[in-house]
Structure formats: C-alpha cells, structure tokens
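J.: The following block contains the structure, expressed as structure tokens.
The values are calculated or read from the model by the stated rules, or taken from the named source; none is laboratory data. This structure is a prediction, so every number in the text was calculated from the model and none was measured. Here the Cβ positions follow ideal geometry from the backbone for every residue, glycine too, while neighbour counts run over all protein chains shown.
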Amino acid sequence: MAKDINDVIIIGGGIAAHTAALYSARASFNPLVISAIEPDQLSLTTEVENYPGFPKGILGPELVKNAKEQAKRFGAKYIEGYVDSFKKSKDYFEVGAEKKKFKARAVIIATGASARRLNIPGEDKYFGRGVSTCAICDAALMRGKEVIVIGGGDSAMEETLALYKFANKVTIIHRGDTFKASKIMQDRVLKLKDKVNIILDSIVTEVLGEQFVTGVKVKNIKTNKESVIKCNGMFLAIGHIPNTKMFEKVIKLDKIGYIITDKRSRTNLDGVYAAGDCQDPIFRQAVTSAGTGCQAAIEAERYIEHLKATGKYK
Ligand code: NAP
C-alpha cells in the first residue's frame, strides 16, 4: 500500500466540502481538504435562517467555520491552495495545487460556483451592504424597502418572488427586450403589478450609496438615456459560473460547466464524486450542498471498501 496516496482528497472550502470531510473523517479515511483562500458563497452571506437546527438563525461564516471545526475534530486535514490540475493515473488521481502534487484513491470535488458579477463601480464596495447575489438569503432584510433585481432568467424571477414578500417595491432591470425565463416563472412575476416594476433594454452602470446602497445609475442601451433609481438593495441574478474549469478535460460537464453527476453524486470517472454548487444549477442551497457532500463521502467510502475487497487497493 503506497503511503503517499491519500484515501480521499476533497477539493473546496464550502459547506459541501466540510460535510464531505466530516463524513469521510468519521469513517476513518483521514481526508485531505484542499481549499482555496477565497471565501465560499455561504461565507459571503449574513444571516442564514433556513438551515435546519438553528431556530434563531446563524451567520453564514459561522455556520461554515463550525462545519470545518467539526470535520477537523474527527481528523480531517486542511491545506489552503488553488487546485490547478487534475489527472487520472492507473492507481490514483493526482491533484495539483500550489506547485505540489497530491495523490488520492478517491476525489470529491466541491469547488462551488461563483455568482456572476457586473464589475461596475460601487458593486464591491456595497456588497453585503445592499448588493447581494442571493434573495433567498437576504430578502427578509429588505422588509418595507425598495429593491432592484438584475437579470431576465429564472433566477431573476425567483429572486423577485422572494423579494416581493418583503419589499415595498421591486424593479427588475433587464438588458434585453424580452425575458429568457420560463413562461411559468414570468407569469408569476407579471401578475404582481402592485409592487413589481419592469425596466427593459437597460443596464446598471454604477451602484450609489453612503453606508448602504441608496440607488443605482441606469442606462437605456437603445436611447443611451441615463437615470438614477433610488433603492436600498440591488440583487444580481445574472447567472452563476461553476468553478470547474480545471476538470473539463477529464470530467463530464454540462454546457454551462456544471459537473454532471448521477443520483449518487458520481461523476463519469469511477472514484470521483462532486457535491454542492459545482454540480447543482437548480437548488443551490446550503442544506442541499451539505446533503450532496454527505452523499459523495459515503459513495467514496464504498468505493474504497470495494478497492480493498477486490485487491485493487494499492
Ligand atoms: P440564466 O438563465 O443564464 O439567465 C441569466 C440572465 O442574466 C439573462 O437574462 C441574461 O441576459 C442576464 N445577464 C447575464 N449576464 C449579464 C450581464 N453582464 N449584465 C446584465 N444581464 C446579464 O441564469 P439563471 O436565471 O441563473 O438560470 C440558470 C439555470 O437555472 C437556468 O437553466 C434556469 O432555468 C435554472 N433555474 C430555474 C429556476 C426555477 O425553475 N425555479 C430558478 C432558477 C434557475 P440575456 O437574457 O440578455 O442573456
């Protein structure tokens, strides 16, 4: 048995990775977790009110930190680093990070997805102070306030529906002249004429604020006319980018870049599993990420036991 081969390497630093690490560590596989320095999505959220077990809610960064501590308690080892290569060899997988190579019999990919950003002035400055990429997380903070949602897809419709329950006014700003969202989602939003306003053919060019967001600059791309809309929140719903580029040569991805998994979190490669947002274009919730992290770890455990049982554990 080669001593330099880890049983399980987990790539990622969010709730899916920590849950996979917890399960894998409890099963005595001493997982090695390689996490990027950049914060995961949950760590960018404030209050998490929909994670079961916390009746008073919990702060996103605290939830992630607790999950990591819990995994460490059972022996998971963590190193910081960007994974930039991934290769399959005969008896193991090779993961490259920070100019080092790590070997593993099984790999769990939980690299997450990053919300697409506009990259306009004020967006970073007011992120978490009115600028958000998650209405489900932050809508309740907008009670009685005026907000804008950017995008024309299903996510924009979903964010609008979530915000409608709390905000006084929701303005959707879309760069096109028609929405790309499914008809059923559009119909749900278009019914809400009392509080929902729609601005088409327009882009936001700057976020304005003092301590928090106070408004946005908007430009009509057909007339070039500029205006300022007062608001307390700006919700981006312009798609996500799964962090999977480094796997594209060996792991099957869908056309957007999400890792394709089966119901058991298995990828196209035996011994490689994926969990959390890097494989989930639909739910993208903390609890579903934790769930798939758990699934992936259990499957990895079964895979390694199978290697042992069939004499293939090198
Ligand atoms: P999406 O379908 O890719 O839509 C992104 C929207 O953002 C598009 O309207 C796009 O405009 C706009 N956009 C992209 N980049 C932009 C930029 N730089 N500036 C301004 N606007 C920009 O993404 P999504 O809505 O997140 O949906 C992703 C997938 O998840 C879809 O398959 C969707 O059906 C699914 N989903 C389903 C549900 C549901 O059924 N409940 C909910 C959420 C998501 P253009 O239209 O001009 O390209």
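J.: Only one of (1) within 16 Å of the ligand (Cβ to nearest atom); (2) within 20 Å of Gly128 (Cβ to Cβ); (3) surrounded by fewer than 19 Cβ atoms within 10 Å (Cβ to Cβ) is not met by Gln211, so which one is it?
T.: (1)
J.: Now for a different question. Any idea how many residues of the stretch 175-199 are within 15 Å of the ligand (Cβ to nearest atom) and either under 13 Å from Cys231 (Cβ atoms) or in contact (Cβ under 8 Å) with a residue 40 or more places away in the chain (or both)?
T.: 2
J.: Looking at the stretch 139-158 only, could you name the residues that are within 12 Å of the ligand (Cβ to nearest atom) and assigned to a helix (DSSP H, G or I)?
T.: Answer for the stretch 139-158, where residues must be within 12 Å of the ligand (Cβ to nearest atom) and assigned to a helix (DSSP H, G or I): Asp154, Ser155, Ala156, Met157, Glu158.
J.: Inside the stretch 1-21, can you point out the residues that are outside any strand (DSSP E or B), buried (at least 24 other Cβ atoms within 10 Å of the Cβ) and of a type outside the set (Ser, Thr, Tyr)?
T.: Gly12, Gly13, Gly14, Ile15, Ala16, Ala17, His18, Ala20, Ala21
J.: Same structure again: Could you pull out the residue among Val218, Val287 that is more than 16 Å from Ile9 (Cα to Cα) and outside any helix (DSSP H, G or I)?
T.: Val218
J.: Any idea which of Ile172, Ile136 is among the β-branched types (Val, Ile, Thr), within 11 Å of the ligand (Cβ to nearest atom) and in a helix (DSSP H, G or I)?
T.: Only one candidate passes the filter, namely Ile136.
J.: Taking the options Asn66, Asn50, name whichever one is surrounded by fewer than 16 Cβ atoms within 10 Å (Cβ to Cβ), touching a Cys at 6+ places or on another chain (Cβ under 9 Å) and assigned by TED's automatic domain parsing to the domain that holds Ala20.
T.: Details: Asn66 fails: touching a Cys at 6+ places or on another chain (Cβ under 9 Å).
Testing whether each residue is surrounded by fewer than 16 Cβ atoms within 10 Å (Cβ to Cβ), touching a Cys at 6+ places or on another chain (Cβ under 9 Å) and assigned by TED's automatic domain parsing to the domain that holds Ala20 leaves just Asn50.
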